[in-house]
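Q: Have a look at this one before I ask anything.
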């Protein structure tokens, strides 16, 4: 940590500052420039009261050298974290696609959704039972009933599921229904109580980036979960808020290579929320994979026009399948591949409903 | 609601759209321009599936006429809402100042804080018992113990208190300690479960604007509380996130006149978090009052250099008092005034500790 | 165009508005909702004084149906514009790579740069003679001398060149040196005088997006050039300014599919300025191509460590070549290809310096 | 300047870095932390090639101690700069109001505008002859004819004028018409050629902040002008671009105290462009003055409904006068005052048209 002083700071003032630092049990090192003096602080600066330095009127600014996140940083762990979900790896060479509807609506819709996911060759299904909605007057999700529909449909096809947790009081339900991956949504990225609670579990967590969260804040949110003991964390970029209003959000593709360097956690992308329109999903998905993402979280629906929420951004089963094929080609020329399952035709599936073995 | 079509849309396509609308029990009205056709939809469009229209390939966009918020809008209620807290009005002609430390630290610090609040002439005290902190490794607040310290110190001086609620599971504690105003912090502005819960109470709520929340999202968050039956809502602008990094946030002073026109709820400003530096607080406070704010939420501390959090933005007791005097002058020339109490010298206070009558 | 009134607007007020519209020679159509009245305005609304409507106190807002840009819109021209530069197409199926240094420094550096461009298989060279620099105290470019070095090196290898124009007074020099493509930089995107002047030329123009320009403003800037008669316009996305400061800018990959739908102009991407760090260039380049970009504008330098400007974001000759190979693979699986030249080994080039035929 | 290395950097690597620095004739100072090493660079670091350091793979980042702007910084000059325009001070204790229409339209409109400015008690008139317009199809200003109308109307009332310069080729016209203050508009804040040219003049310059310019970029733009020898610079905050679309821009009121600390130049505010609606001008103007601004640039028009541009944000003569009265009250309680002229009733003015003496 450095304290940079204003020009013409006297040696008495510097001495005051040094004394403050030494009182904290830390050492100083002085670097005298032509105009400004820089006081380096050596030692564990975690509990240094920066505010007290900033309140000194001869201090211009304080700069930190160390990063505020530890456990999730690449400095702490060099190798990629691979989160295993029922044996399927997220992170590493395989790229995993998670598809399914915005909201869980009916058992029939979930069954059709699961069939479409299987038909497209994706290995995970998503679906929202508890829905964070901007308006109190719109459909808020079926709640526990939604979990039931989701899990039941997924079981028939042996699909691990992802669904969003919004309330600490619902954790027991998530455990009861054996949700495979808990999603923390963009509006809850800094709901620290929720982060602490999922940090106590072993269940993998998809942590979506807050709509305007910096990378640093996002990694600090992940650090909350990791600090609790749960390091099965998957980061999900889902578009950021900018000045542009032509599309809902701007997919921050720059975040992908940056995160791959800065953290060992897997990074996936939600192209559906980023663009907010189904016709943008394909381009954004391809871009995400080309930039190095470890997976995608895509909204699909058996019949988008009838969707109870976000129908304009959902892919049809055919669009989903076509996209998967394109993604596979790009993944392969870049030395990766989409995660694979012992693919069984949907008709066969529909007939015998036996549990299928999964392979990454 | 309007659906605007692309150029060269055929009359058959328009007919398809009309049929979709009529199936919903609504009426259409066609406006034929030189290039585009506009289909107006008349009736209650609350449940219209916009996505289905957007998925038609001849549709360019859908525009809404009505506002998504009702109860909190000026259209719904013309007169200003005045939130009464132990008889003190927030909203209306008087401008109310809430001051106090970022974190509740010790009984002594809270006592000194309360004395400073009284000495400055402010009518409310703030202090955080549950602290949302970016890092899991920093002080997270004393929790219930903090509520106790806060409330005890406030009682001695008969100061109503404001403190932040982060977790639905803590509501009982807030009721037990009779917290006068519950604050929903910037990171929880779209924690819909929390909003629903405080919507069920009668306790006044300060709803801080999300760091990057649009006015519309903010009012929709207030609508969540109002829809639950609690209309004792105070909006607090606290600076927004922009591209500028020279100061922590940009105080959105433009929001003040905009909100006063758009909603009947009182609007206050937090100049401390907006600037993030104590030397900016005075200018931002004056600007907020001049722009029409109904109050301020200011961080002050008996000894900012020793503060456990946010010391760099806290005012000293003297600075707080000086600022109050400036604010009063500006308020008066603009036809308003700071809320007043039968002011009793701090020394007298310290001696007899009797409960004082409050007057706005 | 629609004028939406506030609730409880009287029929007399509506009549006033209708009269205003009819005085302008336009027709109105009234749509009466339950609360608000909408007045549609039919006819050519280009010169309608929106301000006068907004100043009526019963008017809530005015919404426009038509787009402000015409010539550059997909509505105006359905087929893709293909800009031909010495026979090489920009737009269409081939993807073109433009590479070269930030600044033109010396004849030797430019010769080495040209060799690297050829060796990598790119068809265009870039290099800045007039440099827009944030600080008046840094290298401002060699000016006309720079044009000379650039053009001379390029001629030897028969490489068409791209270079930035900052000042209307320099146009004659650009014509004298026969610059193949004129670049309008991000800071001049709304330098309307400059846009008007290049609109009078026939030389192709790369129009970079302003750092915080909306898509609409960007297309309006292109419209300035097109309105002057020059439709040889190439749009270049180069990263936008957001709240994130971990990297210089955020590459707005969402803009690519959006622009391909909204305009017929070719769209290229500058991954070097977007990321600001050479190690990000590869991921961003691949993402851009995967999302559908028609080309890339990449900074490369024979020796980045010695570059006079932006060395931290320049690729070495080897990195450039490796990236080209990856880009080619991705382009091909997506049904496109990089533009090709009858490739001749650099050594041969260096020996005989004859003009090579170009092929796309 | 500091170079911060990644963890586990070897002593050989540090030695390499030291050698590079010493080759530049500068000294190093090593600070060994528990994980990272920090290499301080002592001496004149203006020409240090940061990129070369960043390209070293053991370097994490480079941080600068000194500010990139010199002449305009408070460090360079402690006392406030007071720009004198025909004897009237801008900066210092007096607050100056500049009012007038967006566009110069007709001689009659300018005469009426001047009368309104005088009647309100403002000391300067604005009016645009060269208009930067987003669309090529809207009114672009009268050009030189506009300068003539502006200056003629202003002369009758002895009002100094402010008008915008967009093109280096127009400078002679600005000098010929003796424009008192040249405005550099928001879109030209980084038109470096234009900045260099006005830097060669003695005429005072209002430098508007770019719509998304950081404070640092803005001060660097001012540095361009100052470096040319012209230190008669007035900074004008005019609202910044953010995610919020409820109003045109967000007035960055936080910039005012920050700039007053960081630079010695006067700071004024344009509340009209910031809000984009006439009903917001009053609140924003009061906020700006309360926050410490040295003046305002307000759009007013004899008849806003008939304005050729920006009518929705222009004040009427009566609104302008009422606002001036409010501003005066706020200025006075804060120890300042509006600049005063020996006020003469407009009627008298209209009668004899003699030149009036000006007093600040």
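Q: Kindly indicate the residue of the stretch C:271-293 that is at negative phi and part of a loop (DSSP other than H, G, I, E, B) and also farthest from the other protein chains (Cβ to nearest Cβ) among those meeting that condition.
A: This residue is C:293.
Q: Return a yes/no flag: does the stretch B:102-110 have any residue that is in the same structural domain as residue B:228 (by TED's automatic domain parsing), free of Cβ contacts under 8 Å to residues at least 24 places away in the same chain and out of contact with any strand residue (DSSP E or B) (no Cβ under 6 Å at 6 or more places or on another chain).
A: Checking the stretch B:102-110: at least one residue is in the same structural domain as residue B:228 (by TED's automatic domain parsing), free of Cβ contacts under 8 Å to residues at least 24 places away in the same chain and out of contact with any strand residue (DSSP E or B) (no Cβ under 6 Å at 6 or more places or on another chain).
Q: In the stretch B:290-307, is there at least one residue being under 25 Å from residue D:243 (Cβ atoms), crowded, with 24+ Cβ neighbours inside 10 Å and modelled with pLDDT under 95?
A: No: zero hits.
Q: A further question on this structure: I'm told residue A:28 meets every condition in (1) farther than 28 Å from residue D:34 by Cβ; (2) in a strand (DSSP E or B) except one. Can you identify the failing condition by its number?
A: Result: residue A:28 passes all but (1).
Q: Moving on to the next point. Quick one: how many residues across the stretch A:192-214 are more than 15 Å from residue A:181 (Cβ to Cβ) and within 11 Å of the chain's Cα centre (by Cα)?
A: 2
Q: Ok, one more. Restricting to the stretch C:22-68, what's the tally of residues that are closer than 26 Å to residue D:248 by Cα and within 14 Å of chain D (Cβ to nearest Cβ)?
A: 24
Q: What do you reckon, is residue D:84 more than 14 Å from every other protein chain (Cβ to nearest Cβ) and touching a strand residue (DSSP E or B) at 6+ places or on another chain (Cβ under 9 Å)?
A: Considered against the rule, which asks whether it is more than 14 Å from every other protein chain (Cβ to nearest Cβ) and touching a strand residue (DSSP E or B) at 6+ places or on another chain (Cβ under 9 Å), residue D:84 comes out as yes.
Q: Shifting gears a bit: Restricting attention to the stretch A:124-141, report how many residues are part of a loop (DSSP other than H, G, I, E, B), within 14 Å of chain B (Cβ to nearest Cβ) and in contact with a strand residue (DSSP E or B) (Cβ under 9 Å, 6 or more places away or on another chain).
A: Total satisfying the criteria: 6.
Q: Here's another thing I want to ask about it. Which residues, counting only those in the stretch C:245-257, are buried (at least 23 other Cβ atoms within 10 Å of the Cβ), at the interface with chain A (Cβ under 7 Å from one of its Cβ atoms) and either farther than 19 Å from residue C:95 by Cβ or in contact with a helix residue (DSSP H, G or I) (Cβ under 7 Å, 6 or more places away or on another chain) (or both)?
A: C:250, C:251, C:253, C:254, C:256, C:257
Q: Next question, about the same structure. When you go through A:268, A:181 one by one, which is the residue that is under 11 Å from the mean Cα position of the chain (by Cα) and away from chain B (no Cβ under 14 Å)?
A: A:268
Q: Oh, and also: If we scan the stretch D:294-304, do we find a residue that is in the same structural domain as residue D:323 (by TED's automatic domain parsing), in contact (Cβ under 8 Å) with a residue 60 or more places away in the chain and assigned to a helix (DSSP H, G or I)?
A: Scanning the stretch D:294-304, I find no residue that is in the same structural domain as residue D:323 (by TED's automatic domain parsing), in contact (Cβ under 8 Å) with a residue 60 or more places away in the chain and assigned to a helix (DSSP H, G or I), so the answer is no.
Q: Which of the following residues is over 26 Å from residue D:275 (Cβ atoms), modelled with pLDDT under 95 and surrounded by fewer than 18 Cβ atoms within 10 Å (Cβ to Cβ): C:68, C:132, C:107?
A: Answer to the check: C:132.
Q: Taking residue C:297 as meeting all but one of (1) more than 7 Å from every other protein chain (Cβ to nearest Cβ); (2) under 24 Å from residue D:61 (Cα atoms), write down the number of the exception.
A: It is condition (2) that residue C:297 fails.
Q: With the checklist (1) surrounded by fewer than 18 Cβ atoms within 10 Å (Cβ to Cβ); (2) without any contact (Cβ under 8 Å) to a residue 60 or more places away in the chain in hand, flag the one item residue A:159 doesn't pass.
A: Residue A:159 satisfies every listed condition except (1).
Q: Could you go through the stretch B:47-62 and let me know if any residue there is under 30 Å from residue B:267 (Cα atoms) and under 32 Å from the mean Cα position of the chain (by Cα).
A: No, that holds for no residue.
Q: If residue A:75 satisfies every condition in (1) surrounded by fewer than 18 Cβ atoms within 10 Å (Cβ to Cβ); (2) under 30 Å from residue A:267 (Cα atoms); (3) free of Cβ contacts under 8 Å to residues at least 40 places away in the same chain but one, which is the exception?
A: (1)
Q: Here's something else I'd like to know. From the list C:320, C:334, which one is surrounded by fewer than 24 Cβ atoms within 10 Å (Cβ to Cβ), over 18 Å from the mean Cα position of the chain (by Cα), within 24 Å of residue A:329 (Cα to Cα) and at pLDDT 95 or above?
A: Only one candidate qualifies: C:334.
Q: In the stretch D:1-21, how many residues are under 23 Å from residue A:43 (Cα atoms) and either within 14 Å of chain C (Cβ to nearest Cβ) or under 41 Å from the mean Cα position of the chain (by Cα) (or both)?
A: 6
Q: Given the criterion at negative phi, assigned to a helix (DSSP H, G or I) and at pLDDT below 85, identify the matching residue among A:19, A:52.
A: A:52
Q: When you check residue C:1 against the structure, is it over 30 Å from residue D:315 (Cα atoms), modelled with pLDDT under 90 and touching a strand residue (DSSP E or B) at 6+ places or on another chain (Cβ under 6 Å), yes or no?
A: When the stated conditions are applied, residue C:1 does not pass them.
Q: If I ask for residues that are touching a residue at least 12 places away in the same chain (Cβ under 8 Å), over 19 Å from residue D:253 (Cα atoms) and facing chain C (nearest Cβ under 9 Å), which ones from the stretch D:190-224 would you list?
A: Correct list: D:190, D:192, D:193, D:194, D:195, D:196, D:199, D:220, D:221, D:223, D:224.
The values are calculated or read from the model by the stated rules, or taken from the named source; none is laboratory data. If you're wondering where the values come from, they're calculated on a predicted model, not measured in any experiment. For neighbour counting, all protein chains shown are included, and Cβ atoms are generated from backbone atoms with ideal geometry for every residue, glycine included.
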